[in-house]
1. Remind me, relative contact order of chain A in percent, using alpha carbon pairs under 8 angstrom and six or more residues apart?
2. Skipping prolines and chain starts, which residues have an amide H placed within reach, meaning under 5 Å, of the one on residue A:224, given they are 5 or more residues away or on another chain?
3. Looking at chain A only, what percent of DSSP beta bridges run antiparallel? Nearest 5 please.
4. Taking the Cα centre of the protein assembly as shown as the origin and placing charges on Cβ (Lys, Arg +1; Asp, Glu -1), which of A:170, A:120, A:275 is farthest toward the positive end of the dipole?
5. Compute the angle between helix A:407-421 and the longest alpha-carbon principal axis of chain A, please, reported from 0 to 90 degrees and rounded to the nearest 10.
6. Report, for the range A:335-498, the % of DSSP beta bridges that are antiparallel, rounded to 5.
7. Which of A:249, A:363, A:285 sits farthest toward the positive end of the charge dipole of the protein assembly as shown, with +1 on the Cβ of Lys and Arg and -1 on the Cβ of Asp and Glu?
8. Between the alpha-carbon centers of the range A:481-525 and the range A:47-65, tell me the distance in whole angstrom.
Amino acid sequence: MPRIGVFVCQCGTNIASTVDTKKVADEMAKLPGVVYTGDYKFMCSAPGQDNLKEIVKEHKLDGVIVSACSPHMHEKTFRKAVEAAGLNPYKCEITNIREQCSWVHHDATKATGTLKSIDLTRMAIERLKKNKSLSKIKIPIKKRALVIGGGIAGIQAALDIAEGGRQVILVEREPSIGGNMAKLSETFPTMDCSQCIMTPKMVEASLNENIKILTWSEVEKVDGYIGNFTVQIRKKARYVNEDLCNGCGLCIEKCPFKAKSEFEMGMTQRKVIYTPFPQAVPNIPVIDAANCPKIQKDKCGACAIVCGPKCIDFKQQDAVITEDVGAIVVATGYQLMPNERFGEYGYGKIKDVISGLQFERLASASGPTGGEIRRPSDGKTPKNVVFIQCVGSRDEKKGVSYCSKICCMYTAKHTMLYKHKVHDGQSYVFYMDIRAGGKRYEEFVRRAIEHDGAMYLRGRVSRVYEKDGKVIVQGADTLSGNQVELEADMVVLATAIVSRDGADSLAQKLGIGYDKYKFYNEYHPKLKPVETVTAGIFLAGTCVGPMDIPESVSMGSASASKVLALFSNDQMAREPITANVNRMTCNACWDCVVACPYNAIEKEEVKNRQGVVLKMLAKVNEGVCQGCGVCVAACRSKSIDLRGYTDEQVYAALAAF
Amino acid sequence: MKANTILTLNPKSLPLCATGALMQARIWQARAGWSIVRIIKLPCTGRIDPLFIIKAFEKGADGVIVSGCHPGDCHYTTGNYHARRRWIAFKSLLEFTGIDMKRLHFSWVSASEAIKWVDLINNITDEVKKLGPFVEYRNLREAQ
């Protein structure tokens, strides 16, 4: 006969207000095999756990039920306590009578809540009687990391992991690392030049022996699990041999063809063989195959003629390389919502309506105008500039419901940059609210208004149109209650921040969650902000949601510290919830092999002493098995079972309800 | 009191189903329907053997809800695709065995869909209450 102890937690009044815990304990005492029952105010408290340990020893229990909160909260706590008392931790089961019972019942008479708690606890007791002692599985850890995305968050994560002495593979989709931050002119609230603080980090990453940078590359496939991922990375054809190229730039100089520059946000042109910007890391050009006449029509080839080291290779193909890593940091960043969606603001139709990132390029010393503010249509210096905030943000109908968080600050920065460059200019800002929460942020906005004379108008813009070479902005000033019509020379839209194209397909490859805006989900938004539901995969930067540079850097460092903590162990213990095969009954139909999503089931040959194969059997690789149980339900001969969720356990629970 | 018991096969792969969604459920005013729900935790909908469902009905459940991650968003990569395919094949067999399909529900609910989860439970419990106790299997057993 088993010797089971049942501990019912009151959780203060969380459970006790709608569940009569004493009655639950008393009812459970009537069941066969239950030798101790009791209720307690806070089971998870130190005295609560000590009490549990003492009772386990005193009553020589061989199974423990704790009826309390969700197993996600305290299963670990109680299993540890039980282990300390000399019992196998998997002989302890948690019944959830808080989230799944007391919290969803409002019956003050406690009738329904008590009844349900009794049922749930009874089911758990019957299940527990079938529990086997299990021990954790030890698996080795590959101490190399993959960082996806070479923006500031990814670079920071890579640098921190590398500094911890571990190898990092930094994968970037564009021809150079740097991300969106490399495009910015200055950064709020310190007004230091973005490239001045960004490029040293980029160079540091490229010089660090522990960091291998793969630009113009994308993650294609991810297999495995924490500590043992296998990643396939597609290196897109660059048409330039990276080992030979010395970055002299002669090919770029001689290339006679041009295309729109992605880095300059389409405001100027670049050559067809190009590096996105002068400080690109690595300083190796890439050929834009779609626009290259040599690749398309076999005409030209000027770059190959002038190239000294002969590194241009028009026949180069995509290459897929495989890397084994133990942890992955995802830092894929953001992009701006396409402004074309906002026809009333004239973007795309009116040349002098530009986006926030385009203004950054205009103001940047390395930008298309060399840092002078000149409007795109005729190159004149604009004397009146209107900035429109919340374009798409906080607009559920046409855009997104969330606040893009950084626009209030960068618009204030834009007005200041503008004033510093065009002293007699006037800036106007249409805003909904000014959200300047952050260290020295509010002071920064005040400075824009008070020192640099930005005119802030609270209200929305209804229409932007062109008239006699001017851009007319019609809107409301809700503070004075007047309709406003401004004659502007240029309009800057603070468009919403959205997730990168393809964020969802990458999430599916990685097996991590994302929300309806395709921003990645943290494991817990407050307490596990850089972890994902998939162990060993961490998040950093704006792929999680809109955030500013300091936050992105913090997340990069935070996920690096998580990776290094993981790598500080030689092996890792994992839950023994795995499938195992009954070797007596398996008839080698291989349904399980087909069903297994992790390729964890192998075909094993059973041989006699002469080496003759007697029969074939399915064999589960415990390191790879994740314990989903798909094979169990697929097995026709009932020859596979899932430890911790055996058929026996489930039927026992079903029989008791 | 057991007359209207509903059994939920509630996958572990909804880590927040137990905490997050139900924490929010508290705010969204869950109704009395919850009191007749009993939950069986399993790692994945793919783990569900159709016999579990028949067993539940045999043991006195009046309705069964199978709920897990959305297809394409499986915590275990593809488990719910197996579950979905198995469900399609199994549904007609269950109908053949005499179970009213109004008593059996398959629904994809993600951990962040608290409102959907609450509505689902409320609607199904209301519907099953209207149908009354499922006595066919019990009668069969007694007849034997």
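Every number in this text was worked out from the coordinates using simple rules, so none of it is lab data. Source: prediction; values computed, not measured. Because the Cβ atoms are built from the backbone with ideal geometry, glycine has one as well, and the counts that use them run over all protein chains shown.
1. 13
2. For residue A:224, whose amide H was placed from the backbone, the distant partners under 5 Å are A:230.
3. 55
4. Of A:170, A:120, A:275, it is A:120.
5. With rounding to tens, the tilt is 20 degrees.
6. The antiparallel fraction comes to roughly 45 percent.
7. Positive-end residue among those listed: A:285.
8. The range A:481-525 and the range A:47-65 have Cα centres separated by 52 Å.
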